[in-house]
Amino acid sequence: MSFETLLLDRSDGIATITINRPEKRNALSAAVRRELVAALDAVEADTSVRVVVLTGAGEKAFVAGADIAEFAERTPIEQREAMEGRRVFDVVASLPKPVLAAINGFALGGGCELALACDIRLAARSARLGQPEVNLAILPGGGGTQRLPRLVGHGTAMRLILTGELIDAAEAHRIGLVDEVVDDGALAARARELAGSIARHSPVALKLIKQSVRAAAEMPLSAGLALERELFITAFSSEDRVEGVRAFLEKRTPNFEGR
Ligand code: COA
């Protein structure tokens, strides 16, 4: 599979998707969004892929947001059409495989929202994050007003979204927006290491874990606990569970087939 705006590498159970428009700070043009959805569909269908890493090309940006040049050319009706259908943020969030964001530089607007849709966020020490849409007299439209407060709390989310201020990786870590800060040169290796430590597990378990933890943000506790119990029984019914338990008792490494 080849793309104009992305690089897709698949090895060792890890798919790395690199948004590759460094000259435009990896801004999310319509083409990038379309190709991202296609790449995510491909890695979903590929049973050799157990974990996805999302990152940006170059040293400056993860993703510097929506393509502002495209905004300038669109009517409101065209903008509505662009925001309808399958949206990349939702495709990432609902992908039945864990997705790690390796934030290698600016993650602004839709870039921050893309990271928010991921399951784990690693940031290079020099990365800067923010929701600067207010500077353009708009608001986050890729889930930022919903996912950011769930992650960092109402007041902190409001401060970021109302001021449009950018924060560095250390501050993003302090408020819980990123999970780990890594020295710039070590980000890709650390993302791969973390992805690898996830990829060795059963894909059945990984899928059900993501489904259950994601449900926590949407469900009342009692419904979430009931769902967790059902998903536990689903995992318990898998061949991988039988293999995992047997391998433990036989003191050997399990061989998970994803069934
Ligand atoms: N949409 C479209 N093009 C963008 C872009 C975006 N979101 N972000 C950067 N670019 C383009 C610039 O227009 C410039 O293009 P040009 O070389 O053809 O003039 C190129 O990328 C480099 O940008 P530049 O501003 O020169 O790089 P920088 O390293 O000095 O600054 C940013 C990087 C990310 C701080 C700055 O580009 C920026 O503030 N971008 C907009 C961020 C934003 O508001 N995002 C939310 C959108 S809702």
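Couple of notes before you dig in:
- Screening ALA115 with (1) of a type in the set (Gly, Ala, Ser); (2) buried (at least 24 other Cβ atoms within 10 Å of the Cβ); (3) within 12 Å of the ligand (Cβ to nearest atom) gives one miss only, at (3).
- Residues that are within 15 Å of the ligand (Cβ to nearest atom) and part of a loop (DSSP other than H, G, I, E, B), drawn from segment 61-81: ALA64, GLY65, ASP67, ARG74
- Candidate set: segment 187-206, residues that are closer than 25 Å to PHE106 by Cα and free of Cβ contacts under 8 Å to residues at least 12 places away in the same chain; chosen: the one surrounded by the fewest Cβ atoms within 10 Å (Cβ to Cβ): GLU193
- When ALA217, ALA235, ALA199, ALA169 are screened for being modelled with pLDDT under 95, in contact with a Lys or Arg (Cβ under 7 Å, 6 or more places away or on another chain) and not β-branched (Val, Ile, Thr), only ALA217 passes.
- Boolean, ALA115 is in a helix (DSSP H, G or I) and more than 22 Å from GLN79 (Cβ to Cβ): yes
- From the list ARG128, ARG147, the one residue that fits, being within 16 Å of the ligand (Cβ to nearest atom), over 23 Å from LEU208 (Cα atoms) and at pLDDT 95 or above, is ARG128.
- Some residue of segment 6-26 being over 27 Å from GLY196 (Cα atoms), of a type in the set (Gly, Ala, Ser) and touching a helix residue (DSSP H, G or I) at 6+ places or on another chain (Cβ under 9 Å): no
- When PRO22 is tested against (1) within 15 Å of the ligand (Cβ to nearest atom); (2) buried (at least 22 other Cβ atoms within 10 Å of the Cβ), only condition (2) is not met.
- Tally of residues being in a helix (DSSP H, G or I) and among the hydrophobic types (A, V, I, L, M, F, W, C) across segment 19-60: 11
- Restricting attention to segment 174-189, the residues that are more than 16 Å from the chain's Cα centre (by Cα) and not β-branched (Val, Ile, Thr) add up to 6.
The values are calculated or read from the model by the stated rules, or taken from the named source; none is laboratory data. Only a predicted model underlies this, so the values are computations on that prediction, with no experimental measurement involved. Backbone-built Cβ (ideal geometry, glycine too); neighbour counts: all protein chains shown.
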